[in-house]
Amino acid sequence: MKVEIEDVKQIGQIAKLTRKAQGLDQVSAAMLSGNGSTFMSDFENGKPTVELKRALSVLASLGVTVELDIPVEIDTLTKSQRALLTQIKAGLTHVQKA
């Protein structure tokens with residue numbers, strides 16, 4: 001199921017809903033994602049300063065995928081921008097600016 005997100009708090013609420021639907025408590029879900037229960041609670045309650053990398057780890061451990069719908073068509077990108085996008089999609093962490 002796809003859900004459009006308009007607020008940071010919604011992401012934590014989705015994580016909480018998914019965790020509960022899977023029959024997991026906060027401690028178990030935190031352990032599965034390599035986080036502590038305090039972080040899990042902060043994230044689920046919409047704390048705006050949680051670390052994105054850790055939040056993505058929680059979502060991935062729950063099977064939630066995150067996609068970005070970029071408002072640019074691929075054919076409008078320059079060759080170097082397409083190359084950069086390819087690197088980003090491949091998960092390369094040291095990409096050069098286009």
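The values are calculated or read from the model by the stated rules, or taken from the named source; none is laboratory data. Nothing here was measured: the structure is a model prediction, and the numbers come from that model. Reconstructed Cβ throughout: ideal geometry from the backbone, glycine too, with neighbour counts over all protein chains shown.
Go through E51, E44 for me and flag whichever is assigned by TED's automatic domain parsing to the domain that holds V27 and touching a Lys or Arg at 6+ places or on another chain (Cβ under 7 Å). If you could, list the steps in order and put the result at the bottom.
Values: E51 fails: touching a Lys or Arg at 6+ places or on another chain (Cβ under 7 Å).
One residue alone meets the criteria, E44.
Yes or no, residue by residue, for (1) in a helix (DSSP H, G or I); (2) surrounded by 14 or more Cβ atoms within 10 Å (Cβ to Cβ); (3) of a type in the set (D, E, K, R); (4) in contact with a helix residue (DSSP H, G or I) (Cβ under 7 Å, 6 or more places away or on another chain):
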residue: K16; (1), (2), (3), (4): yes, yes, yes, yes
residue: A29; (1), (2), (3), (4): yes, yes, no, yes
residue: K53; (1), (2), (3), (4): yes, no, yes, no
residue: T65; (1), (2), (3), (4): no, no, no, no
residue: V72; (1), (2), (3), (4): no, no, no, no
